[in-house]
Amino acid sequence: MTDADDAGGTDVTLLTARAVEPGYEQDFQEWFGRVTTKTAAAFPGHLGDGLFRPPTAGGPWVLIHRFRDHESARGWTTSPERAALFDNCEGHHQTEVARRALSGMETLVTTPQGATVPAPPRWKMALAALAAVLPISLIGNGLLGPALSTWPLPARVFTLALLFSTLMTYLMMPTVTLVLGRWLYATTSTAREGPPR
């Protein structure tokens with residue numbers, strides 16, 4: 001969990017990719033069900049789980065565990081309960097192929113071409129978020145502001161916050177990180193080459 005070593009109060013998303021032998025997909029899904037309902041869900045700070053099927057046959061499955069903070073995530077990843085389920089899977093016909101921990105804005109930033117690279121610096125993520133928020137705020141307040149002006153303040157704020165957060169998550173952040181991908185992932189040594197391939 002080197003990506004999550006810095007302590008912080010933001011929620012943490014643990015991503016684990018596992019290769020499953022053909023013909024054992026159903027067994028794997030049942031195993032993951034036991035992991036989530038009987039084990040992970042009982043840990044303090046647990047916020048939920050998810051399982052993504054591979055986009056192509058034979059590709060890795062992606063397991064997601066969300067926790068309230070780094071301390072909660074560490075409690076899960078270092079627990080004997082998790083070790084018993086994950087570290088000895090020879091008989092389950094599956095193996096771990098990658099693991100990563102994301103927190104805060106990192107969960108909204110897509111790594112270029114699926115490469116495993118360090119997350120962008122926070123100041124770059126802040127500027128990318130500003131680039132996403134600004135047009136939504138201008139358009140939302142310009143178009144909806146007059147229409148909502150007679151609403152009570154809490155209802156007005158809730159409506160705009162719901163609209164902004166939805167557009168940020170599903171439209172603007174993916175678009176902004178796609179457009180700014182080369183800059184977000186550029187480092188001193190690779191700035192001229194763009195993001196890792």
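The condition of being in contact with a helix residue (DSSP H, G or I) (Cβ under 9 Å, 6 or more places away or on another chain) and at pLDDT 85 or above holds for only one of F67, F164, F86, that being F67. When T150 is tested against (1) modelled with pLDDT of 80 or more; (2) part of a helix (DSSP H, G or I), just one condition goes unmet, and that condition is (2). Here A129, A98 are screened, and the one residue that is at pLDDT 80 or above, surrounded by 12 or more Cβ atoms within 10 Å (Cβ to Cβ) and within 16 Å of the chain's Cα centre (by Cα) is A129. Pairs linking a residue in segment 68-79 that is in the same structural domain as A40 (by TED's automatic domain parsing) to a residue that is surrounded by 15 or more Cβ atoms within 10 Å (Cβ to Cβ) and of a type in the set (K, R), with Cβ atoms under 6 Å and 6 or more positions apart or on different chains, are W76/R82. For segment 1-16, a residue qualifies if it is surrounded by fewer than 18 Cβ atoms within 10 Å (Cβ to Cβ) and either at pLDDT 85 or above or in a loop (DSSP other than H, G, I, E, B) (or both), and the qualifying residues are M1, D5, D6, A7, G8, G9, T10.
Quick one: is P44 more than 17 Å from E96 (Cβ to Cβ) and not aliphatic (A, V, I, L, M)?
Details: more than 17 Å from E96 (Cβ to Cβ): yes; not aliphatic (A, V, I, L, M): yes.
So P44 passes the test.
For F43, the test of being surrounded by 12 or more Cβ atoms within 10 Å (Cβ to Cβ) and either at pLDDT 85 or above or basic (K, R) (or both) is passed.
The values are calculated or read from the model by the stated rules, or taken from the named source; none is laboratory data. No experiment lies behind these values; they were computed from the predicted model shown. Heads up, the Cβs are rebuilt from the backbone with ideal geometry, glycines too, and the neighbour counts pull from every protein chain shown.
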